[in-house]
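The values are calculated or read from the model by the stated rules, or taken from the named source; none is laboratory data. Not measured: the values here are computed from a predicted model. Quick reminder, even Gly has a Cβ in these numbers, built from the backbone with ideal geometry, and neighbours come from all protein chains shown.
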Amino acid sequence: MQPVPKPGRASSASLPVYDRASLLYGSRRDDVLTLAEIEQYGFDSFADAAYVGIYGMPPREWYRRGIRLLGRTAVECTRDALANRIGLDVASIAACIRSTRMLVIDPFAGSCNTLFWILRHLPNAEGLAFESDPQVFELTRRNLASLGQRIELVHGHYVTLLEQYRILEDRGIVAFVAPPWGVALDEVHGLDFRRTTPPIADVIQHIASQFAKHEILFAIQIYEKVNALSLAQLRKELDWTDVRVYDINEEGRNHGILLGTKRWSPRASNTAAV
Ligand SMILES: C[S@@+](CC[C@H](N)C(=O)[O-])C[C@H]1O[C@@H](n2cnc3c(N)ncnc32)[C@H](O)[C@@H]1O
């Protein structure tokens, strides 16, 4: 097998710098990226050409299998290293929900990679995802189909779509919440949960009122540095919370999750089990 050359500035001087800002807000935002661009983004931003690992594969492999991402989704997706850790932690807390039948909802699907990993760790659960951007929806629909992944992916706005679903009350619900961060992420002041689009508290309230009789576990994607007041406000929306930040060597730029429950607590479940 031939060693795969690592892309770098010297070998691809013709490409501009690929970083979060250029892909989220630049001319490649809504374009399908080439493999060279995906690897260049990983190299330029994280010194790792294989950074955008998704669906359990490095870029070279998923690209060869026909998986494609837009510029914006390459930045917005939760890559394997992180999505796997999220999936493990979500599954360990979801195991305390009394219901044995679980539905995992991602109202902001993007690549669907986190849902993919949560379902890997919760193999008997079903997956439901919403995506409002028609291009992202279509690419993710094709990507999931080529993987043979059974996730119900629906095109539209999460609020409108949520209203259309009636879920039996005996089902436990897991909701993974990662709307676009946009201006909510400030490297100096941290992530402000009130400034995501939409604000995280709105999403929690919508889901909690739509499924008013269910036990719900929320997993909210967070950044290592967060705005403390916005975190405190978010915690008030939930009955039990726990913050996990994953040290996967991103030098102060680590991500994590805020786990939170509505209408149940894993502490109470543990006590009952003793
Ligand atoms: C940060 S990405 C999600 C990451 C993804 N969950 C993952 O695991 O990789 C956010 C996605 O939510 C979509 N989105 C934004 N607002 C939405 C809304 N109101 N309803 C549904 N999807 C929305 C965006 O188009 C984008 O693709």
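Details
- Residue match in the range 69-77 (condition: part of a helix (DSSP H, G or I), over 23 Å from W240 (Cβ atoms) and among the basic types (K, R)): yes
- Which numbered condition I93 fails, given (1) within 14 Å of the ligand (Cβ to nearest atom); (2) more than 24 Å from D44 (Cα to Cα): (1)
- Listed by position, the helices (runs of 4 or more DSSP H) enclosed by the range 190-274 that each have at least 3 residues that are in contact with a strand residue (DSSP E or B) (Cβ under 6 Å, 6 or more places away or on another chain), buried (at least 16 other Cβ atoms within 10 Å of the Cβ) and at pLDDT 95 or above are 200-210.
- Unique residue being surrounded by fewer than 16 Cβ atoms within 10 Å (Cβ to Cβ) and at pLDDT 95 or above when the list is E152, E131: E152
- Taking the range 181-222 as the range and being acidic (D, E) and within 12 Å of the ligand (Cβ to nearest atom) as the test, only D202 passes.
- Annotation: Y63 fulfils all but one of (1) surrounded by fewer than 23 Cβ atoms within 10 Å (Cβ to Cβ); (2) farther than 30 Å from S265 by Cβ; (3) near the ligand (Cβ under 10 Å from one of its atoms); the unmet one is (3).
- Screening the range 170-180 for residues that are closer than 17 Å to S265 by Cα and in a loop (DSSP other than H, G, I, E, B) and picking the one that is nearest to the ligand (Cβ to nearest atom) gives R171.
- Within the range 123-160, the set of residues being assigned to a strand (DSSP E or B) and aliphatic (A, V, I, L, M) comprises L128, A129, L153, V154.
- Candidates are the residues of the range 121-132 that are free of Cβ contacts under 8 Å to residues at least 40 places away in the same chain and within 17 Å of the chain's Cα centre (by Cα); the one that is nearest to S99 (Cα to Cα) is E126.
- A145, sole failed condition from (1) at positive phi; (2) more than 8 Å from the ligand (Cβ to nearest atom); (3) not charged (D, E, K, R): (1)
- For the range 162-169, the count of residues that are within 12 Å of the ligand (Cβ to nearest atom) and either surrounded by fewer than 18 Cβ atoms within 10 Å (Cβ to Cβ) or within 19 Å of H214 (Cα to Cα) (or both) is at least one.
- Among the conditions (1) at pLDDT below 90; (2) farther than 15 Å from P58 by Cβ, L23 misses just one, which is (1).
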